[in-house]
Amino acid sequence: FVYFLLKQLSADFLRRNKNLMADCGADGLICILDMRISEPLVISIDTKNATGVNVAEWCPSQEYLLLSASKDPHISLYDIRNPNNFLHKLSGHIDPRLQKCSHIYRPTFVDQGRVVASPGQGSKAVSLYCVETGKAISKGHLGYDPNMVLWSSSGCNNSPSLWVASRSISELIPLRQC
């Protein structure tokens with residue numbers, strides 16, 4: 001267990017149950033850990049991803065949904081009640097000429113978990129996907145390559161906001177003016 005925690009790349013605690021953690025790393029596994037028990041590994045999802053998994057994040061409104069991202073051109077949505085198969089593969093957020101990303105990017109759930117927002121290498125955009133269908137909803141051109149998005153339910157003027165950051169921008173900036 002100690003070795004496992006040392007090799008992790010990302011971890012996210014379930015919002016409704018702070019004892020459950022989704023953890024991922026270079027081995028391509030997503031592990032669901034229950035921190036209340038002595039052998040905490042309760043579910044292991046083998047993504048079969050040779051580039052590892054860089055991000056694992058729980059859906060804020062559906063506690064059995066989890067997203068993961070790696071350096072391949074897809075975001076995976078998993079229903080942990082059936083961990084052997086992904087629910088949806090989200091595609092189109094990465095420049096279509098790329099087969100593998102050279103940069104880590106970080107997608108996130110937005111709009112109470114109904115939507116996934118993702119940056120994508122070479123796209124100079126943020127893409128939005130419907131969680132229910134896995135289909136692309138929108139792509140907003142930014143003019144630069146973001147590598148991280150962050151959702152805040154009470155951002156600018158106390159209204160929901162999507163924030164972005166990139167390697168060339170040293171701080172998070174809102175996508176609309178406050």
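So the values come out like this:
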quantity: Residues (at pLDDT below 90, over 17 Å from residue 24 (Cβ atoms) and surrounded by fewer than 17 Cβ atoms within 10 Å (Cβ to Cβ)) located in region 62-84; calculated: 63
quantity: Out of 16, 36, sole residue that is open to solvent by 80 Å² or more (accessible area, probe 1.4 Å), at pLDDT below 70, farther than 17 Å from residue 78 by Cβ and assigned to a loop (DSSP other than H, G, I, E, B); calculated: 16
quantity: Residue check, residue 143 at pLDDT 80 or above, on the phi > 0 side of the Ramachandran plot, surrounded by 15 or more Cβ atoms within 10 Å (Cβ to Cβ) and not hydroxyl-bearing (Ser, Thr, Tyr); calculated: no
quantity: Which listed residue, of 131, 149, 110, is open to solvent by less than 70 Å² (accessible area, probe 1.4 Å), of a type in the set (Val, Ile, Thr) and in contact (Cβ under 8 Å) with a residue 60 or more places away in the chain; calculated: 131
quantity: Residue that is farthest from residue 94 (Cα to Cα) [pool: residues in region 110-153 that are touching a Cys at 6+ places or on another chain (Cβ under 6 Å) and not β-branched (Val, Ile, Thr)]; calculated: 113
quantity: Lone unmet requirement of (1) open to solvent by less than 20 Å² (accessible area, probe 1.4 Å); (2) more than 17 Å from residue 68 (Cα to Cα); (3) of a type in the set (S, T, N, Q) for residue 138; calculated: (1)
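The values are calculated or read from the model by the stated rules, or taken from the named source; none is laboratory data. Every value quoted in this text rests on a predicted model; they were computed, and no experiment measured them. Heads up, the Cβs are rebuilt from the backbone with ideal geometry, glycines too, and the neighbour counts pull from every protein chain shown. With ligands, DNA and RNA removed, areas are computed over all heavy atoms of the protein, side chains included. Shrake-Rupley method; radii C 1.70, N 1.55, O 1.52, S 1.80 Å.
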